[in-house]
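Since the structure comes first, as structure tokens, the remarks are kept for the end.
Bear in mind that the values in this text are calculations on the coordinates, not laboratory data. Computed from a predicted model, the values in this text were never measured in an experiment. Neighbour counts run over all protein chains shown; Cβ positions are idealised from the backbone, glycine included.
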Amino acid sequence: MDIALGALVFFVVVVLILFSIAGAAVKVVQEYERGVIFRLGRLIGPKGPGLFFIIPFVDRMVKVDLRVVTLDVPAQEVITRDNVTVRVNAVLYFRVFNPEKAVVAVTDYVRATHQIAQTTLRSVLGQSDLDELLSQREEINMRLQQIIDEQTEPWGIKVGIVEVKDVELPQTMQRAMARQAEAEREKRAKIIHASGEFDASQRLSEAARIIGSEPATIQLRYLQTLTEIASERNSTIIFPVPIELLSLIPHVFGGSNDGRNGTGPQIRETTTAPDTLPIGATAGSLPEEAAAAPEAPHHRLPEVDEEKSKELATEHARFMEGDIHATGEAKE
């Protein structure tokens, strides 16, 4: 009885040992994984996917994931080439294309790639201006991808995409950029306005040339303007009068009074010798009779007719205005 019980225990122990050995020898690797086999410390090579066998206690397997890894690069303090301090973060996409190198060449390929991405991000952005960082984002991304890919290639890692996600600027720089953008828009507005004024002046010049060739067009324009004013129900209507008509008014009224148009009496100019005038008198201070005859000390002066005095006063006033001489004779 004891012998049978001992044999049963021995059999169970052997079965368990065989199952453990079989479990250690049979390996299953997923489609997105590879198993790197080491036999007594020496590299055998990757195996998988699927079911395969290894030698227990002799071979050791390391699984490597071949899927794309998304690595978030934290925000980095970067000083650009034009001495502007910014905070930049990025995202990195990579995958393992050589499982042997990813296991043998580097201890932790994810951490190593993370550190390489941080240092490369600071280095590349430090060589770029702020304007390039904001406007040429795709070129910077391509440069980052090429540099990181070259550095991680010996580790069996392929970097596919590097994207700069966000650029944080200081408040002072944001205000300065806002003022710059506002000034740039004002500049564009002034240029567009000046261009419009130039085009309008050319059109107005052509319109004035056409209107000048046909005098009737300006009258039609006046009527059109009156129609536009009347359509708004205004109580006041302005009739534009050409300046040329206003300049003709002084000539019309002046020509009817100065006797130059041939309708009034013609007056000839005579000269009076200065030695025949009394002392202290001039040719314009005495009438014609007083200037021609010497004063009689013992005789009364003849009475002057009222009409004659009015005529002399009118002639004197014209003389003061510069139209005729006081002697009653016109300028030649």
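Quick look at the values:
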item: Given (1) assigned to a strand (DSSP E or B); (2) touching a Gly at 6+ places or on another chain (Cβ under 7 Å), number of the condition Lys101 does not satisfy; result: (1)
item: Subset of segment 129-165 (residues that are buried (at least 16 other Cβ atoms within 10 Å of the Cβ) and either assigned to a loop (DSSP other than H, G, I, E, B) or of a type in the set (Gly, Ala, Ser) (or both)); result: Gly156
item: Per-region count, segment 83-122, residues small (Gly, Ala, Ser) and closer than 19 Å to Arg137 by Cα; result: 2
item: Test: residue in segment 107-128 that is over 22 Å from Gly156 (Cα atoms), charged (D, E, K, R), in a helix (DSSP H, G or I) and under 53 Å from the mean Cα position of the chain (by Cα); result: yes
item: Which listed residue is small (Gly, Ala, Ser) and either surrounded by 15 or more Cβ atoms within 10 Å (Cβ to Cβ) or closer than 30 Å to Leu130 by Cβ (or both), from Ala4, Ala25; result: Ala25
item: Members of segment 36-67 that are assigned to a loop (DSSP other than H, G, I, E, B) and of a type in the set (Gly, Ala, Ser); result: Gly41, Gly48
item: Any pair with Cβ under 8 angstrom, 6 or more apart, that starts in segment 86-106 at a residue that is more than 30 Å from Glu168 (Cα to Cα) and ends at one that is of a type in the set (D, E, K, R); result: Val96/Asp65; Val96/Lys158; Phe97/Lys158; Pro99/Arg34
